[in-house]
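Asker: I'd like to ask you about the structure that follows.
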Amino acid sequence: MCGIVGWLTAHGPGAEDRALLRTMARRIAHRGPDAEGLFSDRHCALASRRLAIIDLPGGHQPMVHPASGAVLVFNGEIYNYRALRCELSAQGYVFRTHSDTEVLLAALEAWGAEALPRLVGMFAFALWAPDRRTLILGRDRLGKKPLVYTRIPGGIVFASEIKALLVHPHVPRSFDFAALRQTLDYGFPVPPRTFLEGITQVRPGHVLTAHLAGDELQVRETCYWRPPTELAPPAFRVEASAALSEILTQAVTQRLEADVPIACYLSGGIDSSSVATLAAQTSNHPVQTIAITFAEGASEAPFARLVSAHAGTQHHEFRCQLDAADLPRLIWHLEAPLVTLLHLPLYLLARTARELGFRVVLCGDGSDETWAGYDYFKYVRLLPFVERSPQRRLPLLCRLLPPESDRSAAQQLFHLLRTAPRPHPALPYRFQAFRFAPALLSDAALHAVAAAKEATALPSIPSHRRLTDQALAFELHMRLPGLTLPLGDTMSMAHGVELRSPFLDHRLVELAARLPASWKLQGLREKALLRRAMAPLLPPAICQRRKQPLAAPAPWFVRTFRPVFGDVLSSATTQRLGYFRPQFLTAALHRFDAGGEDIAGILVLAFFLHLFHEQFVANQSLLAQETTNLEQ
C-alpha cells in the first residue's frame with residue numbers, strides 16, 4: 001500500500017523538477033510513512049510513498065524490470081500474487097523479492113494488458129516503458145484505489161490524491177460547478193469528475209495510456225473490465241447462497257495475508273459481522289475487532305459485542321470523540337465537500353486502529369451496493385406498486401419508516417418520492433439541499449450550476465433489466481466509486497491504515513450482478529441471499545435485524561461544533577466565497593438553534609464546501625503548510 005505521484009512530459013526534467021517530485025510525494029506522506037522512492041529520466045518522473053505490508057525488507061519502489069528497464073510505482077495489494085508468481089517463475093522469471101509489487105511488474109511486462117484480468121486485488125499503478133516512451137496508468141475494476149490526473153502543456157501529471165497534483169505549478173485551482181450540481185442531485189460527484197476543473201479520475205476498470213510521439217503527447221483510455229449485464233443465475237437459490245458463501249470465505253482468507261497486524265471493523269451489522277466471523281474461523285491468530293459508538297442515536301454496540309463473543313474475537317470499543325481541530329483534516333484528506341457524515345466514524349476508526357498498532361483492517365464495505373442493502377432499493381420496488389392504489393397500499397411505506405411513524409409520515413414520504421425530480425426512475429436519491437438549491441445558492445453559483453449541463457449525463461446501465469436491477473447497476477457505477485470507496489480509502493490512509501473489503505472481490509461482485517434483484521431484495525427484506533448464506537455462521541439476532549447506517553447524526557455534529565459553524569458560515573465569509581446566499585445560511589442557523597434540526601444536512605454541506613474552498617481553491621490550508629514545514 002502506497003501513495004504514488006509522477007508525470008510524463010516531452011521536455012526533460014531538470015534538477016528543480018526532482019525537488020518538485022519529492023515535494024509532491026511528501027504531500028501524501030500519510031499514505032506511505034515508511035519509505036520514499038524517486039525515479040526520473042529525460043521524460044518521466046515517478047515517486048512512491050510506501051506503507052510496508054508485505055515483504056517488509058523488500059518491495060521498495062520505484063521498481064525497475066531487470067530486462068526491459070520498465071519502471072513501476074504501485075498502490076494497493078494483489079491478493080493472488082503467490083499464484084501469479086508461480087506462473088511467472090515457470091516461464092523463467094527470476095524474482096529478487098517476495099513482494100506483490102515485483103509480481104505485478106513481471107506480469108505487466110510478460111502479459112501486457114492481458115495481465116489485468118488475472119489480478120485479484122485493489123490497485124492503482126503507473127508503469128513507464130522508456131523504450132516505447134509510454135506511460136500506463138491502471139486502476140482496479142471497482143476503483144478501490146484512487147488515481148487522478150490532469151493534462152499540462154506537453155505532458156500529464158498524476159497522483160494518488162489531488163493535493164499532490166496541486167503542488168505542481170502548472171496545475172490550476174478552479175472549482176468545478178458540475179461536481180456541485182451532481183452533489184446536489186446525488187450526494188457526490190460522479191466519477192471521473194472531481195471538485196476541481198481539469199483534474200480527472202482514471203476510471204475504474206480502465207487503463208490510461210500516454211505515449212510520446214516526438215513532442216506530441218497522445219492519450220487514450222481503454223476499458224478492461226465491466227460488470228456483467230446479463231442474468232445468469234443457478235437453477236436454485238440454495239446454489240447461489242452456497243456460491244456466495246464460498247467466494248466470500250475465499251475473499252476474506254486472501255485478505256488476511258500480511259506481514260503486519262490485522263484487525264476487523266465490527267459494527268454489529270450483517271456485513272462486518274460476516275467478515276469478522278469468517279476471519280475468526282480462517283485466521284491462524286486471534287482476530288481483533290474494533291467498534292465505534294455515538295453519544296446520540298441508536299447504539300449498535302450490543303450487537304457488535306454479541307458477534308465478538310460468538311466469534312471469539314478480542315474486541316475494542318470506543319466512543320466517537322472529535323475535536324474542532326479535526327474538522328479541516330476531514331476535508332483535507334477526503335478532498336471533497338459532501339452532504340454525508342460517513343467519513344467521520346471512518347476517520348476515527350482508522351485513527352484508533354493505528355493507535356492500537358494495526359496497519360491493515362478488514363471491513364464490510366460494498367455489501368449494501370451489491371446485495372441491495374439500502375432502503376431506496378425498496379422505494380424503487382414499492383413506488384410503482386403503491387401508485388396503483390395509494391389509499392390501500394400506503395401502509396406499506398410505513399415499514400420503511402421508524403417504528404413510531406404513522407400514516408401521515410407515510411403520506412409525506414409518498415409525496416416526496418412522487419414529486420421530487422430525478423433523472424431516472426431507478427435513481428431515488430433524495431437530498432434536501434437539492435430542493436432548497438434556488439434559495440441556498442447565490443445567483444452566480446446558480447448560473448454556474450445551470451450551465452453545467454453535461455453533469456446530468458448518467459452512466460450506461462442495462463435498461464432491459466428490472467428497475468431494481470438497474471438501481472443496483474447505478475450503485476456500481478455511481479455511489480460505489482463516487483462515495484463509498486473514496487470515503488473508505490481516504491479516511492483510512494489519513495492514518496496510514498490499509499482498508500480491505502472482501503465484499504468487493506470482483507468475483508463476488510460478478511456473482512451478484514448475474515443474480516436477479518428479487519433474490520437480493522426479497523419482498524422488502526434487504527440482502528436476503530446474504531442473510532441466507534450467513535445464517536449458519538451468525539447469531540440469529542444479526543441475520544434478522546434491519547440495517548442501521550454507520551454515521552454520526554447531522555444534528556449532533558452541528559450542535560457539537562455550533563461555534564465553528566457560526567464562524568465558517570458567517571455572513572462575511574459566505575459573501576466573500578460566493579457559493580451561497582448569506583441570508584439563507586443565517587436563517588438556517590437560527591432555525592437550527594430554535595430546534596429545526598431538519599436543516600442540519602444543508603448546514604453540513606455548506607460548512608464542508610467552505611472548508612474545501614479555503615484548502616483546495618484558495619490554497620490557504622494550514623495542513624499544507626504543516627506538510628511543507630516537514631518537507632523542509
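Asker: Determine which member of the set 351, 359 is basic (Lys, Arg) and surrounded by fewer than 21 Cβ atoms within 10 Å (Cβ to Cβ).
Answerer: Step by step, each of 351, 359 is checked, and only 351 is basic (Lys, Arg) and surrounded by fewer than 21 Cβ atoms within 10 Å (Cβ to Cβ).
Asker: Scan the helices (runs of 4 or more DSSP H) fully inside segment 520-565 and keep the ones with 2 or more residues being open to solvent by 30 Å² or more (accessible area, probe 1.4 Å).
Answerer: Answer list for segment 520-565: 540-544, 554-560.
Asker: Further question: How many of the residues in segment 60-86 are more than 13 Å from residue 49 (Cα to Cα) and open to solvent by 30 Å² or more (accessible area, probe 1.4 Å)?
Answerer: 8
Asker: Can you name every residue in segment 486-512 that is open to solvent by 10 Å² or more (accessible area, probe 1.4 Å) and among the hydrophobic types (A, V, I, L, M, F, W, C)?
Answerer: 494, 499, 511
Asker: Taking segment 1-56, which residues are among the basic types (Lys, Arg) and in contact (Cβ under 8 Å) with a residue 60 or more places away in the chain?
Answerer: 22, 26, 27, 31
Asker: In segment 8-36, how many are open to solvent by 10 Å² or more (accessible area, probe 1.4 Å) and in a strand (DSSP E or B)?
Answerer: Looking only at that region, the number is 3.
Asker: Next up: Tell me the residue from 220, 173, 203 that is of a type in the set (Lys, Arg), within 24 Å of residue 119 (Cα to Cα) and not in a strand (DSSP E or B), please.
Answerer: 203
Asker: Identify all residues within segment 100-121 that are closer than 24 Å to residue 259 by Cα, free of Cβ contacts under 8 Å to residues at least 40 places away in the same chain and over 26 Å from the mean Cα position of the chain (by Cα); write none if there are none.
Answerer: Hit for segment 100-121 is 107, nothing else.
Asker: Restricting to segment 453-487, what's the tally of residues that are hydroxyl-bearing (Ser, Thr, Tyr) and in contact (Cβ under 8 Å) with a residue 24 or more places away in the chain?
Answerer: 3
Asker: Moving to a separate point now. Scan segment 454-469 and give yes if some residue there is closer than 30 Å to residue 28 by Cβ and buried (at least 19 other Cβ atoms within 10 Å of the Cβ), otherwise no.
Answerer: Among the residues of segment 454-469, at least one is closer than 30 Å to residue 28 by Cβ and buried (at least 19 other Cβ atoms within 10 Å of the Cβ), which makes the answer yes.
Asker: If I filter segment 334-345 for residues that are closer than 19 Å to residue 29 by Cβ, touching a residue at least 24 places away in the same chain (Cβ under 8 Å), within 14 Å of the chain's Cα centre (by Cα) and crowded, with 18+ Cβ neighbours inside 10 Å, do I get at least one hit?
Answerer: yes
Asker: Given the options 178, 113, name the one that is touching a Phe, Trp or Tyr at 6+ places or on another chain (Cβ under 7 Å), part of a helix (DSSP H, G or I) and aliphatic (A, V, I, L, M).
Answerer: 113
Asker: Looking at 198, 214, which is the one that is open to solvent by 10 Å² or more (accessible area, probe 1.4 Å), modelled with pLDDT under 95 and farther than 21 Å from residue 426 by Cβ?
Answerer: Residue meeting the stated conditions: 214.
Condition check ((1) closer than 30 Å to residue 608 by Cβ; (2) among the small types (Gly, Ala, Ser); (3) in a loop (DSSP other than H, G, I, E, B)) across all residues:
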{"residue": "198", "(1), (2), (3)": "yes, yes, yes"}
{"residue": "239", "(1), (2), (3)": "no, no, no"}
{"residue": "264", "(1), (2), (3)": "yes, no, no"}
{"residue": "268", "(1), (2), (3)": "yes, yes, yes"}
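Asker: Moving to a separate point now. Could you list, in sequence order, the residues of segment 523-548 that are more than 26 Å from the chain's Cα centre (by Cα), of a type outside the set (Gly, Ala, Ser), at pLDDT 95 or above and over 12 Å from residue 269 (Cβ atoms)?
Answerer: Hits for segment 523-548 are 532, 536, 537, 539, 540.
Asker: Which of the residues belonging to segment 38-54 are in contact with a helix residue (DSSP H, G or I) (Cβ under 8 Å, 6 or more places away or on another chain) and in a loop (DSSP other than H, G, I, E, B)?
Answerer: 51, 54
Asker: Still on this model: What are the pairs, 6+ residues apart or on separate chains, where a residue within segment 568-594 that is of a type in the set (Lys, Arg) and modelled with pLDDT of 95 or more has its Cβ under 8 Å from a residue that is open to solvent by 20 Å² or more (accessible area, probe 1.4 Å) and assigned to a helix (DSSP H, G or I)?
Answerer: Every condition considered, the pairs that remain are 581/439.
Asker: So is residue 389 modelled with pLDDT of 80 or more and surrounded by fewer than 16 Cβ atoms within 10 Å (Cβ to Cβ) or not?
Answerer: Judged against the criteria, residue 389 is a match.
Asker: Restrict the check to segment 421-438 and report whether at least one residue is open to solvent by 30 Å² or more (accessible area, probe 1.4 Å), in contact (Cβ under 8 Å) with a residue 40 or more places away in the chain, in a helix (DSSP H, G or I) and charged (D, E, K, R).
Answerer: No, that holds for no residue.
The values are calculated or read from the model by the stated rules, or taken from the named source; none is laboratory data. Keep in mind that this is a model prediction, so the values were computed, not measured. As a convention, Cβ positions derive from the backbone with ideal geometry for all residues, glycine included, and neighbour counts pool all protein chains shown. For accessibility, only protein heavy atoms count, side chains too; no ligands or nucleic acids. Shrake-Rupley method; radii C 1.70, N 1.55, O 1.52, S 1.80 Å.
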